[in-house]
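Where a number appears in this text, it was derived from the coordinates with a stated rule and is not lab data. Every value quoted in this text rests on a predicted model; they were computed, and no experiment measured them. Reconstructed Cβ throughout: ideal geometry from the backbone, glycine too, with neighbour counts over all protein chains shown.
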Amino acid sequence: MSQSLYDVVIIGGGPAGLTAGLYTSRAQLRTLLVERMIMGGQVMTTTKVENYPGFPGGIDGPDLMVRFQEHCQEFGLEIEYGEVESLSDRGREKVLTVDGKEVRARTVIITTGAEPRKLGVPGETELTGRGVSYCATCDGAFFREVPVAIAGGGDTAAEEALFLTRFASKVYVIHRRNELRATKILQERLFAHDKIEILWNTTVVRAEGNASGLQAVELKDTVSGEKRCLDLQGLFVAIGVTPKAHFIAEVLDLDEDGYILTDAECRTSMPGVFAAGDVRKKILKQIATAVGDGAVAAIMAEKYLEGL
Ligand code: NAP
């Protein structure tokens with residue numbers, strides 16, 4: 001990380017950030033991409049990506065993201081690991097604090113994505129890592145030949161439930177309504193699988209366990225209000241995501257759920273600062289739309305630099 005002035009600093013190394021980095025480094029803008037932990041973002045926890053064009057038969061999420069990164073590095077994208085703590089506007093220059101050090105940039109593209117939402121029930125935090133998990137791809141293999149459950153009814157829950165059938169003896173899908181939100185093709189795969197049972201109109205109200213891990217979950221029927229216990233060693237939570245935009249909440253306009261507000265060209269409320277991918281308020285959150293956003297934000301950053 002250099003003390004000199006970058007043309008573009010990209011925060012976050014998922015599909016949106018890497019696409020923005022590909023465009024800006026190919027345009028020979030001096031670009032730094034700062035990633036907090038692992039390159040690739042949420043796709044790293046996806047076993048098989050079937051709806052990103054160009055890969056008939058699907059591709060493993062991590063394999064796809066390795067290709068994204070290699071492609072950017074062909075054009076000399078500089079990548080550093082660190083946590084961006086703040087962003088301030090000094091007119092023609094933006095200043096970021098990364099692990100306590102100042103980094104200066106003419107433009108900034110925020111692509112920090114989103115993280116799993118928590119159920120917020122008693123026992124959840126205490127048992128996280130000891131039976132409660134937010135990533136079936138990461139932790140599924142620990143639950144061989146035992147029953148597990150997944151809370152949620154969207155695409156993530158459906159994909160993760162199908163993945164868990166490789167290991168678990170039974171997979172319960174706990175959904176608060178009587179209809180899934182997941183796309184039809186995934187719903188059909190769930191309904192057809194003999195290891196999967198859907199618990200309709202049901203929510204988790206408590207996770208129970210001891211020092212050795214999760215033992216059961218307490219469930220509530222959302223129609224009758226009745227409660228019951230289900231013995232389980234693994235509870236996977238897939239109830240949607242929440243944007244990672246806390247660090248700029250004071251300086252950029254966000255919506256009521258914390259997503260960064262932008263115009264159609266990915267401009268935020270701070271001139272010279274753009275947002276792309278899942279951290280931005282938009283209708284469809286997919287790899288394909290993150291890639292589209294990353295390209296738009298990069299081109300808009302380039303235009304902004306031309307105007308300076
Ligand atoms: P999502 O689509 O927002 O679904 C969240 C699910 O969790 C919904 O079924 C919701 O129930 C339920 N839920 C939310 N809060 C809850 C709570 N407090 N208690 C119990 N249940 C709760 O989230 P997602 O599945 O993570 O997907 C996020 C985005 O990524 C979506 O746009 C999705 O299409 C996309 N995605 C796409 C793919 C793919 O294309 N292959 C894969 C994964 C994700 P309700 O239905 O009642 O609201």
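Ranked by the mean number of other Cβ atoms within 10 Å of their residues, highest first, the peptides 16-28, 167-179 come out as 16-28, 167-179. The C-alpha atoms of segment 224-308 occupy a region whose extents along the principal axes are 63, 29, 24 Å, arranged from largest to smallest.
Output the relative contact order of the chain, whole-number percent, from Cα pairs under 8 angstrom with separation of 6+ residues. Each step should come with its number before you reach the end.
Details: 714 pairs, mean separation 63.8, N = 308.
Relative CO of the chain lands at 21 percent.
Please work out whether segment 132-205 counts as rounded, prolate or oblate from its C-alpha gyration tensor, where a ≥ b ≥ c are the square roots of the eigenvalues and a/c under 1.5 means rounded, while otherwise a/b larger than b/c means prolate and anything else oblate? Here segment 132-205 falls in the prolate category.
For segment 1-118, the alpha-carbon coordinates run over 48, 38, 19 Å along the three principal axes, in decreasing order. Taking Cα atoms only, the orientation of helix 155-164 departs from the longest principal axis of the chain by about 60 degrees. Positive end of the dipole of segment 118-237 (Cβ unit charges, origin at the Cα centre): among ILE174, ALA161, THR222, the Cα lying farthest that way belongs to THR222.
Inverting the pair-averaged 1/r between distinct Cα atoms of the chain gives 20.6 Å as its Kirkwood hydrodynamic radius. With contacts taken as Cα pairs under 8 Å at a separation of at least 6 residues, segment 180-281 carries a relative contact order of 14 percent. Placing unit charges on the Cβ atoms only, positive for Lys and Arg and negative for Asp and Glu, gives the chain a dipole magnitude near 280 debye about its Cα centre.
What the Cβ-Cβ distance of TRP200 and MET37 gives, at R0 = 41 Å and to the nearest 0.05, is a FRET efficiency of 0.65.
Each helix, a run of at least 4 DSSP H residues, gives -39500 (n - 2.57); summed and divided by the residues of the chain, these come to -7000 deg cm²/dmol at 222 nm. Ordering 230-239, 152-161 by mean Cβ neighbour count within 10 Å, with the highest value first, yields 152-161, 230-239. Counting only alpha carbon atoms, the long axis of helix 15-26 and the longest principal axis of the chain meet at about 20°.
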